[in-house]
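Inspection log for the structure reproduced underneath, given as structure tokens.
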Amino acid sequence: MSDEDKILIVEDEDDSRFIYERLLKKNGYNIKTAENGDDALGLIEEFKPKVILADWTMPKLNGVELCDAIKKNEDYKLIYFILLTARTSLKDRVEGLDTGADDYLVKPIDNQELLARIRTGLRIHKLQNELKNIEHDKAIVELACTIGHRINNPLSSLKMSIESLKEGIDLT
């Protein structure tokens, strides 16, 4: 873990927010907290979390709405999003995951399971960013090859024309 392992906790219940914050800080994570989804959106740009833990039921902007806003934003869509809720029905789990949540935990949450899910989220975030960088590098190489090809074709023609002119000059 490093200071770069940033986690944003979005929870409207003071006690739960305090417990999650204390647990995660104790385990070496860099933590910021927000009381609702609206406040969380204000923190994301500056804090740049790799993982967000968000309660489903909150005032202003709930966890599902927050997840939807994040996953629709190109700059934030790789943030690993864990939805926390007391909702246990299959319908709710499906709705949460279909919105774009990467994981779903039912309260009360076991501390060890939460830490394991966060480690998983950090690994996935890292792998997604590595893949994004590889794709970016590949696109640059392809662009360089295309430019090289477009430059070489006219140069080859020009070289052949010059050779032909030189041969014509030598004959006279």
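A few points about this structure:
- So Lys91, is it touching a helix residue (DSSP H, G or I) at 6+ places or on another chain (Cβ under 9 Å) and of a type outside the set (S, T, N, Q): no
- Qualifying residue in the stretch 80-94 (condition: touching a residue at least 12 places away in the same chain (Cβ under 8 Å), assigned to a helix (DSSP H, G or I) and open to solvent by less than 10 Å² (accessible area, probe 1.4 Å)): no
- Some residue of the stretch 64-73 being within 19 Å of Lys6 (Cα to Cα), open to solvent by less than 20 Å² (accessible area, probe 1.4 Å) and either of a type in the set (Lys, Arg) or part of a strand (DSSP E or B) (or both): no
- Any hit, the stretch 47-63, residues being assigned to a helix (DSSP H, G or I) and open to solvent by 80 Å² or more (accessible area, probe 1.4 Å): no
- Condition check for Leu97: at pLDDT below 90, in a helix (DSSP H, G or I), within 30 Å of Ala54 (Cβ to Cβ) and of a type in the set (A, V, I, L, M, F, W, C): yes
- Count of the stretch 156-172 residues which are modelled with pLDDT of 70 or more and either of a type in the set (Val, Ile, Thr) or closer than 30 Å to Leu78 by Cβ (or both): 2
- Residue selected from the stretch 114-155 under the condition of a type in the set (Gly, Ala, Ser) and at pLDDT 70 or above, by the criterion least open to solvent (accessible area, probe 1.4 Å): Gly121
The values are calculated or read from the model by the stated rules, or taken from the named source; none is laboratory data. Please read these numbers as outputs of a predicted model, since none were measured by experiment. A quick note on method: Cβ atoms are made from the backbone with ideal geometry, for glycine too, and the neighbour counts reach across all protein chains shown. Just the protein is used for accessible areas: all its heavy atoms, side chains included, with ligands, DNA and RNA removed. Shrake-Rupley method; radii C 1.70, N 1.55, O 1.52, S 1.80 Å.
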